[in-house]
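Some notes on the structure that comes next.
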Number of protein chains: 2
Amino acid sequence: MSAGREGGAPGWETRPYRRIAVEEAYAPRELLDEYVRMLRDEPVEIGFRSLMGYFLTSTHPQPRSVVDRLADLGEQRIADMDATGIDHQVLSLTSPGTQVLDVARARAFAELANDRITEAVRAHPTRFSGLAAVGFEDAPSAIDELDRAVGRLGLRGLIANSHIKGTYLDDPRYLPILEKTADLGVPVYLHPQTLPDDAIRPYREAGLDGAVWGFAAETGLHLLRMITSGLFDRIPGLRVVVGHLGEGLPYWLHRIDHMHAKQVAAGRYEAIKPLQQRPSEYLRTHVFLTTSGMPWEPAITFARQVVGAERVMYAMDYPYQFVGAEVEQLECLPYPEEERRAFFQTIAEDVFSLRDREDETFGAPLSEEPELRDEAR
Amino acid sequence: MSAGREGGAPGWETRPYRRIAVEEAYAPRELLDEYVRMLRDEPVEIGFRSLMGYFLTSTHPQPRSVVDRLADLGEQRIADMDATGIDHQVLSLTSPGTQVLDVARARAFAELANDRITEAVRAHPTRFSGLAAVGFEDAPSAIDELDRAVGRLGLRGLIANSHIKGTYLDDPRYLPILEKTADLGVPVYLHPQTLPDDAIRPYREAGLDGAVWGFAAETGLHLLRMITSGLFDRIPGLRVVVGHLGEGLPYWLHRIDHMHAKQVAAGRYEAIKPLQQRPSEYLRTHVFLTTSGMPWEPAITFARQVVGAERVMYAMDYPYQFVGAEVEQLECLPYPEEERRAFFQTIAEDVFSLRDREDETFGAPLSEEPELRDEAR
């Protein structure tokens, strides 16, 4: 996706790099309507009610603006990208996505989201790429959908909105899905969700279950579980992209390594076994970080220091965190221009195979155009 | 506590500063015996069983060594301090301390711990200071005990081992205790505990409920609750010392401020109200960090950068993390000698009033010597 042939935000032709934002949220309007119905008619998880109940029922302009933007993949979104200087978004189904739905609805809404994102990519190939959603609880259909959405529609990874009804991706039931993702050569984007019902109480009662703190507690735990369960030893080709500068793990690498080694030595837990690497090393071999929601130079510089500058890339977290000034601040990151180019452009191109896309399919009709399914419509 | 008059670890006379370690754990043998009895005879919290069940029943030499050292306030401990170059320990009752006991036992064991620590301070005034334990659930007796242990015995702060049966220090029931602590001019040391029963499951099943991750999740949440509840606005004199380099909060300061401001603006939560400062600012006005369990230059340097070098001091986390080489590594921190002196000595002296102690009571009989109580013996 070199500058010069395809479009971008105004001024892109003269900038030394394109700005690619990789944790950018989308939700089909039908899914938001389904959430509204569930919130009204069904017992739902505490965190889901706290998060989506807020966004979908608040009359405050702030959440209403988020919801309007979530469902748009056209003029509004591109205008916002133009206004903030974002050339390209990697789209993904917003949290909790399919992960609060029953098996049949999860499958149908995953397909709907993947179709919609594909339509947007085709309509605006220089401005959008996308990740695939699946219904995690039915591994065979999830694998089929990965074949379709990644293999045939050209989506560039798998979105996982943290826990699936209290279960985590280290659970053996998800192994075939993660193996398939690795086989397809695309990463898993591990995105936050609210904590499960049996972990959320001390956060919820204090109003801290959302992005202010609970998301990080949930998602940091999830990433660490993936590491300490040995998942990356079992699937060496598995790559995980994680937002919010690693959901806190970079700060803790020394302590995690120290305490993990102690637990392994003492045999304290059945679940804690020797790994092929120190836990911290997986952040340097299998994990990439993005700056979604963390446009803060001290933390970005620290994360680059401890996991490697070549593993930290830009994300905005649109439309949840949509602050144009942040892009300008990040343009002033005190790194050599070549590193800022990596940060904004080339790491994302590598991790999400965006250059391949340009060569093979960008703007061109797919060789085999599937009919968009419509179970969920 | 200037070098030259009182003793320290071998070589202290010629070193440019004393090394004071401020999160150093102690447990009366009687309390450990009581824990063993509870683990055998009573339904106990999941985290308590995971943590103390491990330490008190494992046959592995690693936890056995910890338990032996926890209960010692004499030759073993001083030999360990000498071997690792620690001149002075600020002692505190180990987690979960009194916070898993019923009200009567909590009160009795707090007094016992405070008496024992006082005895050690009197026997080795240059080597030990101590913090006071209380039974939090009975505020009047906790206040009496603070008057006794801080006001008369000369202990230098209050130890709080995170949640009290699932409740947090922002709960109004604890306000009188915290006001008393502030009135006495001493800090609260907020120390980790395992997560409450209704938050621990995703950690416990993965073997991540302990120091490797769960401690931070619990204690970081606790500190943030104290901030966002407005506790520091309500008690401006309250000072909190928190270990493990701030339990993750320093890494998140930008995001916490951003999301907190959004929540306040949108009125999302009843519990989230305007504060007199941004949340991050309380870390620069009311909170001090220690390096317990985090002897890692990149994180220490980052924490100093974002909260101020004058707020980050040394702690070892003895006997849980007892690694002599760490002291030598920290001697090589790339800061000016005056800042290393602050890090190892003078910040602790200021925060815990250790210089006052030397002037007034160190090595001298207290003006009013109380009889040591013995309800718990």
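The values are calculated or read from the model by the stated rules, or taken from the named source; none is laboratory data. Every value quoted in this text rests on a predicted model; they were computed, and no experiment measured them. Positions of Cβ are backbone-derived with ideal geometry, glycine not excepted, and every protein chain shown enters the neighbour counts. Please note that ligands, DNA and RNA were not included when accessible areas were found on the heavy atoms of the full protein model with its side chains. Shrake-Rupley method; radii C 1.70, N 1.55, O 1.52, S 1.80 Å.
Here are a few things to note about the model shown:
- Test for A:V351: is it of a type in the set (A, V, I, L, M, F, W, C) and touching a strand residue (DSSP E or B) at 6+ places or on another chain (Cβ under 7 Å): yes
- Residues located in the range A:201-247, provided they are free of Cβ contacts under 8 Å to residues at least 40 places away in the same chain and small (G, A, S): A:A206, A:G207, A:A216, A:A217, A:G220
- In the range B:328-355, the residues that are of a type in the set (F, W, Y) and either closer than 20 Å to B:R284 by Cβ or open to solvent by 10 Å² or more (accessible area, probe 1.4 Å) (or both): B:Y335, B:F343, B:F352
- Residue count for the range B:125-137 under the criterion of being crowded, with 19+ Cβ neighbours inside 10 Å and either touching a Gly at 6+ places or on another chain (Cβ under 8 Å) or of a type in the set (D, E) (or both): the result is 6.
- Of all residues in the range A:356-376 being part of a helix (DSSP H, G or I) and either under 18 Å from A:R148 (Cα atoms) or modelled with pLDDT of 50 or more (or both), the one that is most open to solvent (accessible area, probe 1.4 Å): A:E360
- Hits in the range B:161-188 (condition: open to solvent by less than 40 Å² (accessible area, probe 1.4 Å), part of a helix (DSSP H, G or I) and out of contact with any strand residue (DSSP E or B) (no Cβ under 6 Å at 6 or more places or on another chain)): B:Y174, B:L175, B:I177, B:L178, B:A182
- From the options B:M316, B:M259, residue that is part of a loop (DSSP other than H, G, I, E, B) and among the aliphatic types (A, V, I, L, M): B:M316
- Exclusive hit being facing chain B (nearest Cβ under 7 Å) and open to solvent by less than 10 Å² (accessible area, probe 1.4 Å), set A:A299, A:A265: A:A299
- Any hit, the range A:105-113, residues being charged (D, E, K, R), more than 17 Å from A:V22 (Cα to Cα) and either surrounded by fewer than 19 Cβ atoms within 10 Å (Cβ to Cβ) or in contact with a Lys or Arg (Cβ under 6 Å, 6 or more places away or on another chain) (or both): yes
- Screening A:A325 with (1) within 8 Å of chain B (Cβ to nearest Cβ); (2) open to solvent by 10 Å² or more (accessible area, probe 1.4 Å); (3) within 25 Å of A:V66 (Cα to Cα); (4) among the aliphatic types (A, V, I, L, M) gives one miss only, at (1).
- A:R239 vs. criteria basic (K, R), crowded, with 24+ Cβ neighbours inside 10 Å and on the phi < 0 side of the Ramachandran plot: no
- When residues in the range B:268-295 are screened for being within 12 Å of chain A (Cβ to nearest Cβ) and over 19 Å from the mean Cα position of the chain (by Cα), 8 of them pass.
- Total residues in the range A:285-300, condition in contact (Cβ under 8 Å) with a residue 12 or more places away in the chain and within 16 Å of B:P298 (Cα to Cα): 3
- Screening A:L245 with (1) open to solvent by 10 Å² or more (accessible area, probe 1.4 Å); (2) within 9 Å of chain B (Cβ to nearest Cβ) gives one miss only, at (1).
- Matching residues, the range B:189-216, being more than 18 Å from the chain's Cα centre (by Cα) and not in a helix (DSSP H, G or I): B:P196, B:D197, B:D198, B:A199, B:I200, B:E205, B:A206, B:G207, B:L208, B:D209
- Just one of the numbered conditions (1) more than 11 Å from chain B (Cβ to nearest Cβ); (2) open to solvent by 10 Å² or more (accessible area, probe 1.4 Å) is not true of A:Y320: (1).
- The range B:50-62: number of residues that are without any contact (Cβ under 8 Å) to a residue 24 or more places away in the chain and crowded, with 19+ Cβ neighbours inside 10 Å: 1
- Flag for A:Q276 being out of contact with any strand residue (DSSP E or B) (no Cβ under 9 Å at 6 or more places or on another chain), free of Cβ contacts under 8 Å to residues at least 12 places away in the same chain, among the polar types (S, T, N, Q) and open to solvent by 10 Å² or more (accessible area, probe 1.4 Å): no
- Given (1) without any contact (Cβ under 8 Å) to a residue 24 or more places away in the chain; (2) crowded, with 16+ Cβ neighbours inside 10 Å; (3) of a type in the set (D, E, K, R), number of the condition A:E45 does not satisfy: (1)
- Of all the criteria given as (1) in a loop (DSSP other than H, G, I, E, B); (2) over 17 Å from the mean Cα position of the chain (by Cα); (3) more than 7 Å from chain A (Cβ to nearest Cβ), the one not satisfied by B:F232 is (1).
- Residue match in the range A:144-151 (condition: open to solvent by 10 Å² or more (accessible area, probe 1.4 Å), touching a residue at least 60 places away in the same chain (Cβ under 8 Å) and of a type in the set (D, E, K, R)): no
- Matching residues in the range A:199-224 - criterion: being over 13 Å from A:H244 (Cα atoms), among the hydrophobic types (A, V, I, L, M, F, W, C) and at the interface with chain B (Cβ under 7 Å from one of its Cβ atoms): A:A199, A:A206, A:L208, A:L221, A:L224
- Tally of residues being out of contact with any Lys or Arg (no Cβ under 8 Å at 6 or more places or on another chain) and either within 21 Å of A:G157 (Cβ to Cβ) or at pLDDT 95 or above (or both) across the range A:11-27: 9
- Taking the criterion of being surrounded by fewer than 24 Cβ atoms within 10 Å (Cβ to Cβ) and under 16 Å from B:I227 (Cα atoms), no residue of the range A:212-226 qualifies.
- Flag if B:I159 is in contact with a Lys or Arg (Cβ under 6 Å, 6 or more places away or on another chain) and either modelled with pLDDT of 95 or more or under 22 Å from B:F48 (Cα atoms) (or both): no
- For the range B:14-45, a tally of residues being within 23 Å of the chain's Cα centre (by Cα) and charged (D, E, K, R) returns 9.
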